[in-house]
1. For a quick check of your reading of the model, give me the residue pairs whose first member lies in the range 27-38 and is within 25 Å of residue 1 (Cβ to Cβ), whose second is exposed (fewer than 10 other Cβ atoms within 10 Å of the Cβ) and at pLDDT 90 or above, with beta-carbon atoms closer than 9 Å and at least 6 apart or on different chains.
2. Looking at (1) within 12 Å of the chain's Cα centre (by Cα); (2) not in a helix (DSSP H, G or I), which is the one condition that is false for residue 23?
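The values are calculated or read from the model by the stated rules, or taken from the named source; none is laboratory data. This is a predicted model, so every value here is computed, not measured. Cβ placement follows ideal geometry from the backbone for every residue including glycine, while neighbour counts extend to all protein chains displayed.
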Amino acid sequence: MTKEEVAQNYLSFLEKNEVDKVVSLFASDGIVESPLCGTIS
């Protein structure tokens, strides 16, 4: 999957509130850095 596909899927899953699918896009040790929420791991 390309970076663009990951980004598209991420936004699509968020819009549909499909949290399990959002999480599946990240590695088990993945970290999200959000300008609104800070660092989430």
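1. Pairs that qualify, where the first residue is within 25 Å of residue 1 (Cβ to Cβ) and the partner is exposed (fewer than 10 other Cβ atoms within 10 Å of the Cβ) and at pLDDT 90 or above, are 31/39; 32/39; 33/39.
2. Against the list (1) within 12 Å of the chain's Cα centre (by Cα); (2) not in a helix (DSSP H, G or I), residue 23 comes up short only on (2).
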